[in-house]
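Here the structure comes first, spelled out in structure tokens, and everything after it is commentary.
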Amino acid sequence: MSEPTTDGDRSERAIAAETAIDQCMGLKSDESCVVVTDDEREPIGEALYRAARERTDDTTILRYPPGDQHGEEPPEPVAAAMREGDVVLAPTTKSLSHTRARSDANDAGTRVATLPGITDEVFTTGLDADYEAIERHSRAVFEQVVDASEIRVTASAGTDIAFDVADREWRQDTGIVHEPGEMSNLPAGETFISPESATGTFVVDGTMMPYGLLDPEQTLTFEVADGYVTTISDDRIREQVETAAEEVGQDAYNLAELGIGTNVAVTELVGSVLLDEKAAGTVHIAIGDDAGIGGDTDAPLHLDGIIREPTVYADGERVELPAPR
């Protein structure tokens with residue numbers, strides 16, 4: 001892996017790591033920090049370790065082989081270390097966001113930032129941002145949707161889906177993780193919810209794994225009824241969900257998340273779900289696990305699909321979405 005361009009004596013990677021440690025996590029000299037990484041993300045893990053080491057002597061880095069899929073639990077020694085730290089940063093190939101290890105760490109009071117599938121491009125682009133401004137945009141969206149019973153999303157590619165959200169809690173992923181038990185993705189920037197139910201159609205025309213950034217004419221269509229995906233147009237994605245269903249049944253088809261991107265520093269989609277789902281003015285919808293974000297479904301997958309240029313309504317009132325800077 002080649003080293004990014006430099007700014008004086010510091011690489012772009014080092015500058016991004018300092019933003020994560022200082023602005024996002026607010027790491028203090030009397031706190032402990034645990035960096036969890038894997039063989040494929042070690043350079044970013046090392047950059048975070050070095051930045052944390054400048055702030056506190058109580059810094060540890062743990063590395064393990066990449067998991068097979070997002071949401072797979074890390075080895076128990078890693079999970080134990082996560083529960084014991086004041087601050088945890090997890091740049092990993094497969095996401096730890098929707099794992100019991102992450103939620104248990106938060107329950108123990110640990111501040112956690114997960115960086116699933118992080119690359120140098122995503123790390124340096126997504127953390128070249130004013131996270132206080134992102135927090136303001138997230139709050140502005142939150143205030144428009146927090147009291148709504150129904151959210152409707154439409155888009156020109158064919159999306160038209162309504163979400164029942166009355167009994168669920170909206171959350172914000174702002175990148176500011178300064179209080180015990182808080183959690184965020186990095187890069188960050190979204191207001192999101194695990195809906196109680198949903199019915200309609202959503203058409204992904206942005207980014208979704210296993211494809212990454214979709215071709216201009218490529219779309220992925222999902223039909224939803226009573227909170228479960230009933231039809232998947234794409235064979236590869238359908239096979240992933242069917243494989244998970246062999247383990248957990250219908251829960252693999254759960255309509256897990258509705259998220260609204262609020263990171264105005266992300267001016268274009270690059271093919272990384274981690275970054276693209278935060279892009280201001282986009283919506284993402286996920287299938288599978290929602291136990292870590294306010295739902296009650298445990299599933300061994302969490303598949304996000306990004307929708308370009310949506311229109312969002314809260315109880316019939318159009319929501320003003322932030323625009324890229």
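Rundown of residues vs (1) among the small types (Gly, Ala, Ser); (2) assigned by TED's automatic domain parsing to the domain that holds Asp215; (3) modelled with pLDDT under 95, yes/no style:
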residue: Ala155; (1), (2), (3): yes, yes, no
residue: Phe163; (1), (2), (3): no, yes, no
residue: Gln172; (1), (2), (3): no, yes, yes
residue: Glu182; (1), (2), (3): no, yes, yes
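Answer yes or no: is there a residue in region 209-222 that is under 23 Å from Ala129 (Cβ atoms), touching a Gly at 6+ places or on another chain (Cβ under 8 Å), touching a residue at least 60 places away in the same chain (Cβ under 8 Å) and among the β-branched types (Val, Ile, Thr). Scanning region 209-222, I find no residue that is under 23 Å from Ala129 (Cβ atoms), touching a Gly at 6+ places or on another chain (Cβ under 8 Å), touching a residue at least 60 places away in the same chain (Cβ under 8 Å) and among the β-branched types (Val, Ile, Thr), so the answer is no. Across region 197-214, the qualifying residues are those that are at pLDDT 95 or above and assigned to a loop (DSSP other than H, G, I, E, B), and the one among them that is farthest from Asp235 (Cα to Cα) is Gly206.
Would a scan of region 132-149 turn up a residue that is in a strand (DSSP E or B) and not small (Gly, Ala, Ser)? Within region 132-149, none of the residues are in a strand (DSSP E or B) and not small (Gly, Ala, Ser).
Take the conditions of a type in the set (A, V, I, L, M), modelled with pLDDT of 95 or more and buried (at least 19 other Cβ atoms within 10 Å of the Cβ) and apply them to Ala148. Does it pass? So Ala148 passes the test. Find the residue count for region 65-78, including only residues that are assigned to a helix (DSSP H, G or I) and crowded, with 19+ Cβ neighbours inside 10 Å. Number of matching residues: 1. Screening the candidates Thr267, Thr262, Thr282, Thr243 for the property of being of a type in the set (S, T, N, Q), assigned by TED's automatic domain parsing to the domain that holds Thr201 and free of Cβ contacts under 8 Å to residues at least 40 places away in the same chain yields one hit, Thr243. Of all the residues in region 150-189, those that are assigned to a strand (DSSP E or B), in contact with a helix residue (DSSP H, G or I) (Cβ under 6 Å, 6 or more places away or on another chain) and of a type in the set (S, T, N, Q) number 1.
In region 72-83 there is no residue matching the filter, namely being closer than 19 Å to Arg41 by Cα, of a type in the set (A, V, I, L, M, F, W, C) and touching a Ser or Thr at 6+ places or on another chain (Cβ under 6 Å). Among the conditions (1) touching a residue at least 40 places away in the same chain (Cβ under 8 Å); (2) touching an Asp or Glu at 6+ places or on another chain (Cβ under 8 Å), the only one that Glu196 does not satisfy is (1). Take Arg100 and tell me if it is touching a Gly at 6+ places or on another chain (Cβ under 9 Å) and surrounded by fewer than 19 Cβ atoms within 10 Å (Cβ to Cβ). Spelling it out, Arg100 is indeed touching a Gly at 6+ places or on another chain (Cβ under 9 Å) and surrounded by fewer than 19 Cβ atoms within 10 Å (Cβ to Cβ).
Total residues in region 242-269 satisfying the condition of being crowded, with 17+ Cβ neighbours inside 10 Å and either within 19 Å of the chain's Cα centre (by Cα) or within 27 Å of Ala314 (Cα to Cα) (or both): the figure is 17.
The values are calculated or read from the model by the stated rules, or taken from the named source; none is laboratory data. Quantities reported herein were computed from a predicted structural model and do not represent experimental measurements. A quick note on method: Cβ atoms are made from the backbone with ideal geometry, for glycine too, and the neighbour counts reach across all protein chains shown.
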